[in-house]
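To keep things clear, I will list the structure first and then write my remarks on it.
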Amino acid sequence: MNRNSPLDALKGVGDKTKLIFAKVGIETIGDLLEYYPRTYEQYAAPRQISSLSEGEAASVAGVLTASIVNRYYRGRCVSTVLCSDGRDEIQLIWYNMPYIKNSLRAGMMYVFRGRIKKKGRRLLIEQPAVFHADRYQELTASLQPVYSLTRGLTVNMVQKAVRQVLDADFVKDFPDYLSEREREKYQLCPYMQAIRKMHFPKDAQELQTARRRLVFDEFFFFLLQLDGLKEKRTKSVCDFSIHSGSVPGRVIASLPYELTDAQKRVWEDIERELQGNAAMARLIQGDVGSGKTILAVLALFLVAENGCQGAMMAPTEVLARQHFQLIQTLIHQNALPFEAVLLTGSMTAKQKRETCAKIESGEAAIVIGTHALIQDKVIYHALALVITDEQHRFGVRQRETLSQKGGTPHTMVMSATPIPRTLAVILYGDLDISVLNEMPANRLPIKNCVVGPAYRPKAYQFIQTQVEMGHQAYVICPMVEEASCADTSGEASGDGYSGDSSGATNLENVIDYTQKLRRIFPKTITVACLHGRMKPSEKNEIMERFLANQIQVLVSTTVVEVGVNVPNATVMMVENAERFGLSQLHQLRGRVGRGDAQSYCIFLQAVDGDRIRERLDILNQTNDGFEIAGKDLELRGPGDLFGIRQSGLMNFQLADVYTDADVLQKAKEAAEEIRREDPSFSLPEHRELKKRYEHQLERQSDFLNL
């Protein structure tokens with residue numbers, strides 16, 4: 001058995017369990033080891049029932065006052081019982097777990113853990129995790145990992161599988177690609193020690209040590225790829241001659257708005273570089289709504305005016321279609337002699353053949369599409385400009401593949417993620433950087449509020465009012481579906497039941513929330529859901545219907561943060577806002593306020609706390625993404641690293657370019673030193689490094705799962 005062994009090589013993993021793990025991307029032993037916990041919990045001592053408050057996660061030690069009663073409502077089993085700590089009682093409720101009636105006995109002592117709720121005067125816990133007292137005492141001595149789950153998969157299942165691998169003899173032989181000297185230099189622990197402590201840390205210090213090593217690895221391999229790309233770029237001379245033209249000026253004059261000073265400045269840079277001999281390699285970095293897209297369109301028009309081709313790759317079909325429609329509109333308004341085509345994965349085989357023929361012949365001067373643009377069968381006639389939109393959604397090799405379609409074309413990438421320049425220089429080391437630091441003058445500032453769960457009824461009424469005025473709304477949830485809340489696999493061993501003890505039962509999920517809103521809103525309001533597990537065709541259909549206002553309320557995960565433009569959307573409501581980094585919330589906020597109507601953002605804080613409120617209140621103080629990212633970083637300490645991501649930048653699994661800026665710098669030093677001393681990784685001490693590097697390239701781990 002090795003890292004590439006299938007998961008069913010483990011004892012107890014059959015075909016059914018294998019399929020459940022595959023739903024979260026775990027198919028091999030290596031996948032399992034790198035399926036890191038999303039957060040950790042320190043189990044506190046059980047509390048007296050009299051000291052509990054609504055909304056908090058807590059544990060109660062007590063006995064069942066009677067046998068559990070199972071009742072059935074519309075095919076759904078509801079199991080209830082009272083638990084007493086000797087002075088007070090609390091009600092326990094389980095849904096669709098009829099077997100629990102025979103698993104727990106009246107008069108026996110157990111520990112029950114979950115989110116405290118209140119119904120009338122009575123306190124209750126829904127779907128509590130159950131532990132025998134001695135097992136719970138063991139858990140209080142260490143941090144407990146909590147994993148992202150899907151239906152049928154439990155925390156206990158993941159923990160048991162990981163422990164089985166880590167206890168196996170073969171993992172002792174996993175070599176480390178870093179030498180002991182290199183680990184000492186960069187203050188890193190051995191790789192397998194990091195894996196073990198990442199899953200099962202004794203305390204916060206062990207966790208930080210393990211995480212630092214694994215974050216270093218993510219940055220290190222990313223920067224090795226980037227370094228190779230940078231070396232190619234420094235020697236690049238553009239194969240195409242671009243001269244100044246009249247079309248961009250005509251288009252600018254026809255726009256219903258004036259470019260900002262920042263847009264004018266950046267356009268001058270782009271125009272000058274396109275006319276130079278060296279291949280342009282430029283990042284256009286601008287806040288949400290700062291006007292990056294029109295600059296890309298102007299560049300495409302200038303290239304087309306010179307008889308060459310330009311291609312722009314977007315991360316989703318919906319966004320690609322929006323770009324295409326904008327370009328078509330400007331072509332017709334200005335009577336431009338260019339043809340633009342759209343190429344996406346959902347097109348029929350005939351449509352793709354016809355479009356590819358136009359691209360190969362040069363009839364299509366402008367090509368807009370998704371990752372379909374980089375397929376082998378797409379042959380360009382004279383590709384002089386390559387643009388990737390929402391840059392952080394693509395991997396290094398993806399945009400390089402598109403660039404290679406045209407020999408040595410100019411390259412322009414765009415990102416709405418606010419990154420301090422010092423970090424951007426490292427992450428985009430192969431690119432020059434332009435920053436759009438102004439917003440259009442006609443943009444109405446978004447009105448924000450941070451509220452608690454009690455505000456929900458008012459929020460629903462406000463959304464309904466906005467919809468009745470003809471507008472639309474987004475509702476963002478942190479989860480796709482409800483996590484499995486209990487696991488009976490520990491019963492026979494006396495471990496009791498363990499579930500997602502992180503309070504995940506208090507996290508809103510897209511699927512259930514959609515059904516809830518359909519019951520709350522009148523039938524005249526269409527509510528639909530969107531999430532990353534849908535097929536691309538399903539996601540496209542939902543977004544197209546939302547764009548056409550056939551859907552008025554869209555319940556979604558953060559998949560909507562990719563820059564789709566829906567000017568009619570005026571409300572953004574984010575559930576469990578404390579679960580997101582402020583930069584991500586700022587990106588989500590940018591989905592509204594794109595039309596001429598006043599827009600609103602409601603951040604619903606499900607967990608109370610002064611520090612949480614202080615973080616979220618930053619969004620009320622400024623609309624500047626750079627300032628928000630900086631303030632968020634100032635407020636957060638090492639204990640906040642889990643459960644909150646500052647951004648999804650580069651699609652790193654653990655690493656956060658803001659919080660881990662110091663590790664990023666160390667990884668940069670290490671990558672540069674190794675490349676300098678042994679560029680082909682041919683030395684004996686770099687044998688494992690070469691294998692890991694080639695494996696990373698093969699997996700293309702920095703790509704977005706489009």
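Some observations on this one:
- Whole-angstrom gap from segment 311-337 to segment 438-480, using each part's C-alpha centre: 29 Å
- Overall form of segment 246-325 per C-alpha gyration tensor (a/c, 1.5; a/b vs b/c): rounded
- Computed on the chain, with alpha-carbon pairs under 8 angstrom and 6+ residues apart, the relative contact order is 14 percent.
- Peptides 326-338, 37-49 ordered by packing proxy, namely the average of other Cβ atoms within 10 Å per residue, highest first: 37-49, 326-338.
- The distance between label points at Glu182 and Arg122 comes to 6.2 nm (points 7 Å beyond Cα on the Cα→Cβ vector).
- Which of Ala278, Gly369, Phe301, positive extreme of dipole for the chain (C-beta unit charges): Gly369
- Across segment 242-376 the C-alpha pair distances fall into 10 Å bins from zero in the proportions 11, 42, 37, 10, 0 percent.
- Calculated [θ] (222 nm, deg cm²/dmol) that DSSP helices of n ≥ 4 give over the chain, each run adding -39,500 (n - 2.57): -11000 deg cm²/dmol
- Simple rule: put +1 on each Lys or Arg Cβ and -1 on each Asp or Glu Cβ in the chain, find the dipole, and look at Gln144, His695, Gln472; the Cα lying farthest toward the positive end is Gln472.
- Evaluated over segment 17-119, the Cα radius of gyration and Dmax, each in Å: 17.6, 50
- Charge dipole (Cα centre; +1 on Lys/Arg Cβ, -1 on Asp/Glu Cβ; no other charges) of the chain amounts to roughly 2040 debye.
- Residue pairs, from the table Lys119/Lys458; Lys185/Lys690; Lys16/Lys119; Lys292/Lys523, whose Cα atoms sit over 27 Å apart: Lys16/Lys119; Lys292/Lys523
- Rounded to the nearest 20, the Cβ-based charge dipole of segment 178-271 about its Cα centre (Lys and Arg +1, Asp and Glu -1) stands at 420 debye.
- Relative frequency of Cα-Cα separations exceeding 46 Å in the chain, percent: 24 percent
- About the centre of its Cα atoms, segment 197-337 shows a dipole size close to 320 debye [charges on the beta carbon of Lys, Arg (+1) and Asp, Glu (-1) only; nearest 20 debye].
- For peptides 286-293, 118-125, 144-151, sequence by mean Cβ density within 10 Å, most packed first: 286-293, 144-151, 118-125
- Shape category assigned to segment 98-147 from the gyration tensor of Cα positions, a/c cut at 1.5: oblate
- Under 13 Å from the Cα of Lys377 - aspartates and glutamates, other chains or at least 8 residues apart: Glu354, Glu360
- Rounded to two decimals, the Cα radius of gyration of segment 115-171 over 2.2 N^0.38 Å is 1.56.
- Mean Cα-pair separation over length for segment 265-344, i.e. relative contact order, pairs under 8 Å, 6 or more apart, %: 19 percent
- Protection proxy ranking of 526-533, 19-26, 509-516 - average other beta-carbon atoms within 10 Å, highest first: 526-533, 509-516, 19-26
- Per-bin percent of Cα-Cα distances, segment 151-306 [10 Å]: 8, 23, 19, 13, 17, 16, 4, 0
- A 1.4 Å probe run over the chain, with the rest of the protein chains in place, finds 42 Å² accessible per residue.
- Computed on segment 1-138, with alpha-carbon pairs under 8 angstrom and 6+ residues apart, the relative contact order is 19 percent.
- Whichever lysines have a C-alpha closer than 20 Å to that of Lys23, once near sequence neighbours (fewer than 8 apart) are set aside: Lys11, Lys160, Lys535, Lys539
- For segment 67-190: rounded, prolate or oblate by the Cα gyration tensor [a/c cutoff 1.5]: prolate
- For segment 191-336, with all protein chains in place and a probe radius of 1.4 Å, 49% of the accessible heavy-atom surface sits on carbon or sulfur.
- Distance cut-off 19 Å, percentage of C-alpha pairs in segment 1-63 lying past it: 54 percent
- Relative to one another, the C-alpha centroids of segment 44-116 and segment 158-231 are positioned 40 Å apart.
The values are calculated or read from the model by the stated rules, or taken from the named source; none is laboratory data. Source: prediction; values computed, not measured. Here Cβ is always computed from backbone atoms with ideal geometry, including for glycine, and neighbour counts include all displayed protein chains. We work out accessible area using only protein heavy atoms, side chains counted, and drop any ligands, DNA or RNA first. Shrake-Rupley method; radii C 1.70, N 1.55, O 1.52, S 1.80 Å.
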